[in-house]
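The values are calculated or read from the model by the stated rules, or taken from the named source; none is laboratory data. In this text the structure is predicted, and so the values were computed from the model without any measurement. So basically every Cβ, Gly included, is an ideal-geometry build from the backbone, and we count neighbours across all protein chains shown.
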Amino acid sequence: MRGLLLPAFVVSALVVLTACGGEKSAPATSNPASSGMTIAVIPKGTTHTFWQSIRAGAERAGTETGATIIWRGPLREDDRDAQVSEVEGFVSRGVSGIVLAPLDEAALTQPVAEAKQKNIPVLIFDSGLKGSDYISFVATDNLKGGRMGGERIVQSLGGKGKVILLRYAEGHDSTGKREQGFLDAIKAAPGIEVVSSNQYGGADVEEAYKKSEAILSSAYSHSENGAPISVWNHCLPPSTRSWNAAQKRGW
């Protein structure tokens, strides 16, 4: 349900804000998009079920507001160049507004700045972006989420053991904050040792599995209490898989 409600709210908000202000906008009415607004929604990726739910919510908002929703984004969630190209293309096209989930907090700043220069409002969601060339930001409190995860791990381990943090990718604001929140919680537990926190699993499931296997092989003995931690849904299955395999080998 969250996947439907968040984009529905974000798209509706952008439609209203675009209708109520800016040189490109039409006068506000009871149906802000009745003049034929076109809103580009650009996710981090297009294949995962999470982003498909985002698409469904965005299209529902388009139906409710009368706006035309264009859904385009990179196939993989590590393809910065593809996402930059999508934003640049919509700026050149002159859409009414852009809803963007940036997969890199720095790489997307320039195309978003170019959108602002052309009076195309950009609303950022899911993951943050450096700079201030967007009209609003809507996202989960990822720092708090990471902290809650860390506190739960401390509780599950009884305050003693080793943990592995498998990061997602450099430049991701959302997962970076989850990672920081997790580490902040672990620091408050002197009995917990972080044996690895500088490895990145990335968007490739098999690569994340190999990273998990390598870390587990060097970090744990069979008698130790511990847990692998992942901050992104792509990394969680391979992390769990490598942990289960290690336990079957008697770790």
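Working only within segment 173-193, note down all residues that are surrounded by fewer than 16 Cβ atoms within 10 Å (Cβ to Cβ) and part of a strand (DSSP E or B).
GLU193 - this is the single residue of segment 173-193 that is surrounded by fewer than 16 Cβ atoms within 10 Å (Cβ to Cβ) and part of a strand (DSSP E or B).
Of all strands (runs of 3 or more DSSP E) completely enclosed by segment 85-155, which ones contain at least 1 residues that are β-branched (Val, Ile, Thr) and touching a residue at least 60 places away in the same chain (Cβ under 8 Å)?
Values: elements: 97-100, 122-125, 136-138.
Counting at least 1 such residues, we get 97-100, 136-138.
Please pick out the residue among LYS144, LYS118, LYS160 that is modelled with pLDDT of 95 or more, closer than 30 Å to TYR209 by Cα and exposed (fewer than 15 other Cβ atoms within 10 Å of the Cβ). Can you show your working first?
Numbers: LYS118 fails: closer than 30 Å to TYR209 by Cα; LYS160 fails: modelled with pLDDT of 95 or more.
Being modelled with pLDDT of 95 or more, closer than 30 Å to TYR209 by Cα and exposed (fewer than 15 other Cβ atoms within 10 Å of the Cβ) holds for just one of LYS144, LYS118, LYS160, which is LYS144.
Of the residues ILE192, ILE186, ILE153, ILE135, only one is in contact with a Lys or Arg (Cβ under 8 Å, 6 or more places away or on another chain) and either assigned by TED's automatic domain parsing to the domain that holds GLU88 or aliphatic (A, V, I, L, M) (or both); which? Please lay out each step first, then the result.
On the way: ILE186 fails: in contact with a Lys or Arg (Cβ under 8 Å, 6 or more places away or on another chain); ILE153 fails: in contact with a Lys or Arg (Cβ under 8 Å, 6 or more places away or on another chain); ILE135 fails: in contact with a Lys or Arg (Cβ under 8 Å, 6 or more places away or on another chain).
Among ILE192, ILE186, ILE153, ILE135, only ILE192 is in contact with a Lys or Arg (Cβ under 8 Å, 6 or more places away or on another chain) and either assigned by TED's automatic domain parsing to the domain that holds GLU88 or aliphatic (A, V, I, L, M) (or both).
Do we find that SER212 is of a type in the set (S, T, N, Q), part of a strand (DSSP E or B) and surrounded by 16 or more Cβ atoms within 10 Å (Cβ to Cβ) in this structure? Write out each step before concluding.
Details: of a type in the set (S, T, N, Q): yes; part of a strand (DSSP E or B): no; surrounded by 16 or more Cβ atoms within 10 Å (Cβ to Cβ): yes.
Against the criterion (of a type in the set (S, T, N, Q), part of a strand (DSSP E or B) and surrounded by 16 or more Cβ atoms within 10 Å (Cβ to Cβ)), SER212 does not qualify.
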